[in-house]
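No lab work stands behind these numbers, since they all come straight from the coordinates. Remember, predicted model here, so these are calculated numbers, not experimental data. Counting neighbours? That spans all protein chains shown, and the Cβs are built from the backbone with ideal geometry, glycine included.
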Amino acid sequence: MSNSTNPEEFILNIYDTLVRDWNPMALDNPSEAQNTYDSYIDGILDILAEEENASAHKIAAYLVRIERDYLDLNPNPQRATASAEKIWQHFMQFAH
């Protein structure tokens with residue numbers, strides 16, 4: 001039996017990780033979180049599409065950059081790294 005997920009489930013896993021684990025703005029309203037965090041999924045997918053250069057580290061750096069440069073927050077590298085590692089696990093399950 002394969003552990004792979006379909007593309008829609010993979011995207012949902014990324015979204016869930018952003019909302020439940022990363023969530024630097026501590027948004028409680030699901031629709032507000034969706035409107036805010038959905039826009040970052042494409043950037044994560046771009047990183048993952050780099051194939052040999054993709055890594056959890058690059059995803060974490062992207063999340064920290066969003067916190068600092070776009071949300072004007074003090075970045076939390078530990079939270080970004082934990083979230084990126086979870087996204088990477090979802091990616092590995094999806095890709096194999």
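Filter the stretch 7-36 down to residues that are touching a residue at least 24 places away in the same chain (Cβ under 8 Å) and not in a helix (DSSP H, G or I) and give me whichever is nearest to W88 (Cα to Cα).
P24
Rundown of residues vs (1) of a type in the set (G, A, S); (2) exposed (fewer than 12 other Cβ atoms within 10 Å of the Cβ); (3) under 10 Å from the mean Cα position of the chain (by Cα), yes/no style:
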| site | (1), (2), (3) |
| --- | --- |
| L18 | no, no, yes |
| A26 | yes, yes, no |
| S31 | yes, yes, no |
| Y40 | no, no, yes |
| I59 | no, no, yes |
| V64 | no, no, no |
| E67 | no, no, no |
| L73 | no, no, no |
| E85 | no, no, yes |
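Outside any helix (DSSP H, G or I) and among the hydrophobic types (A, V, I, L, M, F, W, C): does that describe L73?
Here the answer is yes, as L73 does meet what is asked.
Could you grab me the full set of residues in the stretch 47-96 that are under 20 Å from D16 (Cα atoms) and among the polar types (S, T, N, Q)?
S55, N76, Q78, T81, S83, Q89, Q93
When the stretch 48-66 is examined, which residues are found to be part of a helix (DSSP H, G or I), among the hydrophobic types (A, V, I, L, M, F, W, C) and free of Cβ contacts under 8 Å to residues at least 24 places away in the same chain?
A61, V64
Only one of (1) of a type in the set (S, T, N, Q); (2) closer than 14 Å to I11 by Cα; (3) crowded, with 17+ Cβ neighbours inside 10 Å is not met by T81, so which one is it?
Only one criterion is unmet by T81, namely (2).
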